[in-house]
Amino acid sequence: MRRSLALVAAAALLAAAPLAAQDLLVYDDDLQNGFQDWSWATHEMNFTPQRHSGTASIQMVPANWEALYFHGPVLAGSDYLELRFWVKGEATGGQQLRILFWLEGAEQANVDLAAYVAGGVSGTQWRQGIVPLAAIGLGSGSFNELLFQDATGASQPNVLFDDIVFTADPTPPGVVAVAVDPDAGRRPVSAFVYGVNFATPAQIAANGYTVNRWGGNRTTRYNWQLDVDNSAFDWFYQNYAGPDGRPLPQGSQADDFLLATRAAGAEVVLTLPALGRVSGPDRQRTWGFSQALYGPQLEDECSYFPPPPPGWCQPDAGNGLCDPAVNTTGFCSPAGRIVGNDPDDTSIAVSPAFSADWLSFAVSRVGSAAAGGVRFVALDNEPMLWNSTHADVHPAPATYDEVWQRGAAVAAAAKQRDAGVLVLGPDTWGWCDLWTSAADAGDGDCTDGPDRQAHGGVPFVEWYLGEVCDHLAATGERLVDYVDVHYYPQSGEAFGGEAYAALRLQSIRELWDPTYVSQSWIGAAPRLVPRLREWIAAACPGTRIAITEYSWGADDAPSGALAQAEILALFGREGVDLATRWVVPETGTKTEEAFRLFLDYDGAGARVVGESVAATSSESSDVGAYAVRGPSDELFVLLFNKETVARDVAVTFAAAVSGPAQLWRFTASTPLAGAGTIPVAGNGFDATLPARSATLARLRLVSSLIFRDGFDSGSTWAWSSASP
């Protein structure tokens, strides 16, 4: 480091110097560090007659492709050099085995064990196996399952394993170089990226969320006149009414949401139904797949629970799935789904005017978009999943044309009622419907098929954008202002806990990095936001980007909070215009702190606002770096250490800066709070970032501008309204 941090008064608040990562034991007399035995091979985990060290080893009977199978926390291959283990035939050697590395059941690597054990498996001596992870393609990957599998399909002599460990690189990590150029890559950071779904007024007030979305599966069939929605596939396709005793539509759940959100100062995204049916015709609890009407089904609301079920459950409410050998009513298809049911059991048909009338009512309650009312409306929720989520009323897979036509009709009707309202569409659910329709996915191809080919082979979202601008060119009316997508990582990290920490802190790269291949079933480089920008540029310039559902971890998972904080920085850098996390973080959780790092970092209302500027990290997969140039020559530097050890950083600036830099930080074990100051000298500063931490540094740009009082101060720090 260029300057000693020991001289800084706040040094006690900084982490200790970085240490080398630690080895991770899998087995040493017993499974360690959260690994679980999921083996299907015949085996003994506490075999004492023979062992390499300690008191026991693992005995395996290798036969019929069976395997030892150890499931554990997600590990980043970059954190470890090798898998090491000791192996011996119980009586004879020569066993043929494979070593597999899986991520939630998806194979990441598969190698011949004998190739990594000098001399192969011996029946007379223990031999060490050493598998270099980088050499087998895991240097930049993740995995959480280790398997030793029979490779013959026949019976082989017993084999023993002991002292299984992933070894870490003993070299302490070097200094990460961060370069910031306050005049390069300038892009305004939208205030609307700090949104959530279904925040209470208290949560908005406490955290400063800027957007609150009324969305999700139940909003597709929400009847604003009756205050009734349908739980759809999420819970046995049942209609549920809001509280009784209120005048409607005033006093409905949606009405309360609108009034409370606007009163708290957040903007509203209101999801307008476009499917063509909403819950009704009354406020009674009804269900879409009655077993009395449509025959026995695989599960109902009562059989879902272990006996005895709760008294409130409804045994007639089925899940729409059936066994055609058991259900012979004619309603059970060969594919095992209820078909031919009456959609009128739970819903009524409506036209686009129904949604437009709702917007008119909302305007009467909170004002027009121009007057501070409902600024944003979304065209339904995930229409390419209507056939599964809302199978009782829309069993046919949606096509390109249906999603566009239904949404366009609602958008046109809405803009006739409030010309200033901004419309979000098409509201895709994830990776697949970026590319093609539910009709194609139903034929087995998630990204291509007859529907896509019938539309020139153009990916669905790009085609949809083209329809928006074709309509604009023909009529002068822009029906859709934001291309709206949902995106969740697909390997369990979206809602899982700390077991997914290593994976989630890398998979956020799916949002932007062209070199990062998703380790889930996607198996491609999503680079979501740059891809959307390219499609917009090609098909409909001027469209903005919204991501109205995403999640990268459980609310109380420290790594989920760290991922969330970096995602917010990413949204600013990559040019996302509006984003709402699914759902609002629970009060008091670490993920709340991720939002407050931007919206209230000092506990007194200070926010990170301004323009994103160029910031690069020499090790961006380990330490993320971002910078925002504030309106008063503040310069905010955001540093995210994703590693399990502390990291030193050396931050340099391509423009003159002055200090000291004030720090705010949260870690897995400490809440968001001030972390002291560090000196700025030579156009840079050095810092040590604690393991798995988010750090905000605030300092000043130095300028040669003359202040209004005529004195050259060298800074425009005090100019809030006049600085560029």
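The values are calculated or read from the model by the stated rules, or taken from the named source; none is laboratory data. None of the values given here were measured: they were computed from a predicted structure. Cβ atoms come from the backbone with ideal geometry, glycine included; neighbour counts cover every protein chain shown.
Brief remarks on what is shown
- Only a single item in (1) β-branched (Val, Ile, Thr); (2) assigned to a loop (DSSP other than H, G, I, E, B); (3) closer than 22 Å to ALA168 by Cα is not met by VAL87, and it is number (2).
- Looking only at region 537-551, residues that are among the charged types (D, E, K, R) and either crowded, with 22+ Cβ neighbours inside 10 Å or outside the structural domain of TYR487 (by TED's automatic domain parsing) (or both) come to 1 in all.
- In this structure, GLY373 does not qualify as out of contact with any Pro (no Cβ under 8 Å at 6 or more places or on another chain) and loosely packed, with under 15 Cβ neighbours inside 10 Å.
- PRO526 more than 22 Å from ASN641 (Cβ to Cβ) and under 15 Å from the mean Cα position of the chain (by Cα): yes
- Here the condition is being closer than 26 Å to GLN250 by Cβ and buried (at least 23 other Cβ atoms within 10 Å of the Cβ); of TRP358, TRP386, it holds for TRP358 alone.
- Members of region 237-268 found to be more than 18 Å from VAL196 (Cα to Cα), assigned to a strand (DSSP E or B) and not hydrophobic (A, V, I, L, M, F, W, C), listed by number: GLN238, ASN239, TYR240
- Summed over region 180-200, the residues that are part of a strand (DSSP E or B) and either of a type in the set (A, V, I, L, M, F, W, C) or surrounded by 15 or more Cβ atoms within 10 Å (Cβ to Cβ) (or both) give a count of 5.
- Residue that is nearest to PHE143 (Cα to Cα), among those in region 33-83 that are in a helix (DSSP H, G or I) and of a type outside the set (Ser, Thr, Tyr): GLY77
- Residue, modelled with the lowest pLDDT, within region 15-58, restricted to residues that are more than 24 Å from LEU100 (Cβ to Cβ) and of a type in the set (A, V, I, L, M): ALA15
- Just one of (1) closer than 30 Å to ALA561 by Cβ; (2) at pLDDT 95 or above fails for SER632. It is (2).
- Only one entry of TYR482, TYR488 meets the criterion of being touching a Gly at 6+ places or on another chain (Cβ under 9 Å), under 26 Å from GLU619 (Cα atoms) and among the hydroxyl-bearing types (Ser, Thr, Tyr), and that entry is TYR488.
- Region 161-205, residues that are of a type outside the set (Gly, Ala, Ser), at pLDDT 95 or above and closer than 26 Å to GLN22 by Cβ: PHE161, ASP162, ASP163, ILE164, VAL165, PHE166, THR167, VAL175, VAL176, VAL178
- Sole residue being surrounded by 20 or more Cβ atoms within 10 Å (Cβ to Cβ), closer than 17 Å to GLN128 by Cα and over 42 Å from the mean Cα position of the chain (by Cα), chosen from GLY89, GLY94, GLY54: GLY89
- Residue match in region 456-472 (condition: at pLDDT 95 or above, part of a helix (DSSP H, G or I), touching a Gly at 6+ places or on another chain (Cβ under 7 Å) and in the same structural domain as ALA398 (by TED's automatic domain parsing)): no
- Residue satisfying condition, being more than 23 Å from the chain's Cα centre (by Cα) and under 16 Å from VAL583 (Cβ atoms), within set PRO201, PRO243: PRO201
- Residues of region 459-499 satisfying the condition of being surrounded by fewer than 22 Cβ atoms within 10 Å (Cβ to Cβ), in contact with a helix residue (DSSP H, G or I) (Cβ under 7 Å, 6 or more places away or on another chain) and over 20 Å from ALA546 (Cβ atoms): GLY492, GLU498
- Residues being over 19 Å from SER388 (Cβ atoms), surrounded by 14 or more Cβ atoms within 10 Å (Cβ to Cβ) and aliphatic (A, V, I, L, M) - total across region 291-339: 1
The rows are residues; the columns are (1) in a loop (DSSP other than H, G, I, E, B); (2) among the β-branched types (Val, Ile, Thr).
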{"site": "GLY496", "(1), (2)": "yes, no"}
{"site": "TYR500", "(1), (2)": "no, no"}
{"site": "ILE522", "(1), (2)": "yes, yes"}
{"site": "ALA546", "(1), (2)": "no, no"}
{"site": "ASP556", "(1), (2)": "yes, no"}
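- Residue match in region 602-623 (condition: without any contact (Cβ under 8 Å) to a residue 60 or more places away in the chain and crowded, with 19+ Cβ neighbours inside 10 Å): no
- Candidates LEU147, LEU138, filtered to the one that is assigned to a strand (DSSP E or B), buried (at least 20 other Cβ atoms within 10 Å of the Cβ) and hydrophobic (A, V, I, L, M, F, W, C): LEU147
- Scanning region 386-425 for residues that are free of Cβ contacts under 8 Å to residues at least 60 places away in the same chain and in a helix (DSSP H, G or I) yields ASN387, ASP401, GLU402, GLN405.
- Test set (1) of a type outside the set (Asp, Glu); (2) in contact with a strand residue (DSSP E or B) (Cβ under 6 Å, 6 or more places away or on another chain); (3) more than 15 Å from TRP358 (Cβ to Cβ); (4) in contact (Cβ under 8 Å) with a residue 24 or more places away in the chain - THR329 fails condition number: (2)
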